[in-house]
Amino acid sequence: MKFSIEELRPTRNGMTISRDSKLGNSTKVTYFSMGKDTSISQESYDRMTMYIGASGWGEFILIVPAGTLCGMQTSNGIVYTEIICTGKDINMNANVKTNEVFALKNLISYEEGSIANMDVVSTPDMKYVLMAFDEGTGLTPHRAPGNAIVFALEGKAVIGYEGKDYTISEGE
């Protein structure tokens, strides 16, 4: 199924809207949209949390350690995903620092004639991976043990899923 988070959960001025992705029981994945001039009060979780921007101020990633207060505020509107990591065995890439904001596409580079990937963070139940496909490269059809979300940061690609091809572009 092809969609953009912004289309699934568009911003509404003066409102914050959240939607459970229903992708699993152990790792909580929620889509958020915050309309113009809205905020979410600071809160903390007892687990590491990732915030991944989809639109608005731009694509970003912020990883917050367990017990850290974090709130959101926007004057123009923003759409993002919140992933609450569960379990004690959390592995984070050394290139990613907690409490720092990163542009996702700046964490990985294209490699000539190759596919580059980088595990950003993983637990026994979840893996968040960045991939950069050089022009003309692709993966052979395969199966994975769980659900997957594919988000195009830039460019255009064709994703085959259950016998059907879907063209995705930046922001989808």
Worksheet, complete the sentence: Counted residues in the stretch 95-108 being assigned to a loop (DSSP other than H, G, I, E, B) and either closer than 23 Å to G136 by Cβ or more than 18 Å from the chain's Cα centre (by Cα) (or both) come to 2
Worksheet, complete the sentence: Of (1) open to solvent by 60 Å² or more (accessible area, probe 1.4 Å); (2) under 26 Å from N147 (Cα atoms); (3) in contact (Cβ under 8 Å) with a residue 40 or more places away in the chain, K36 satisfies every one except (2)
Worksheet item: Out of (1) farther than 30 Å from Q42 by Cβ; (2) open to solvent by 60 Å² or more (accessible area, probe 1.4 Å); (3) of a type outside the set (S, T, Y); (4) touching a strand residue (DSSP E or B) at 6+ places or on another chain (Cβ under 8 Å), the odd one out for D134 is which?
Response: (2)
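Table: residues versus (1) in contact (Cβ under 8 Å) with a residue 40 or more places away in the chain; (2) open to solvent by 20 Å² or more (accessible area, probe 1.4 Å); (3) under 30 Å from G138 (Cβ atoms).
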| residue | (1), (2), (3) |
| --- | --- |
| N13 | yes, yes, no |
| M48 | yes, no, no |
| N76 | yes, yes, no |
| I84 | yes, no, no |
| N91 | no, yes, yes |
| Y110 | no, yes, yes |
| G113 | no, yes, yes |
Response to the item:
Of the residues in the stretch 161-172, those that are surrounded by 12 or more Cβ atoms within 10 Å (Cβ to Cβ) and more than 18 Å from K105 (Cα to Cα) come to Y161, Y166
Discussion item. If E172 meets every condition in (1) over 13 Å from the mean Cα position of the chain (by Cα); (2) assigned to a loop (DSSP other than H, G, I, E, B); (3) touching a residue at least 12 places away in the same chain (Cβ under 8 Å) apart from one, which number is that one?
Written reply: (1)
Worksheet item: Looking at (1) part of a loop (DSSP other than H, G, I, E, B); (2) exposed (fewer than 12 other Cβ atoms within 10 Å of the Cβ); (3) more than 15 Å from the chain's Cα centre (by Cα), which is the one condition that is false for A148?
Response: (3)
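The values are calculated or read from the model by the stated rules, or taken from the named source; none is laboratory data. Please read these numbers as outputs of a predicted model, since none were measured by experiment. Every residue, glycine among them, receives a Cβ derived from its backbone with ideal geometry; neighbour counts consider all protein chains shown. We work out accessible area using only protein heavy atoms, side chains counted, and drop any ligands, DNA or RNA first. Shrake-Rupley method; radii C 1.70, N 1.55, O 1.52, S 1.80 Å.
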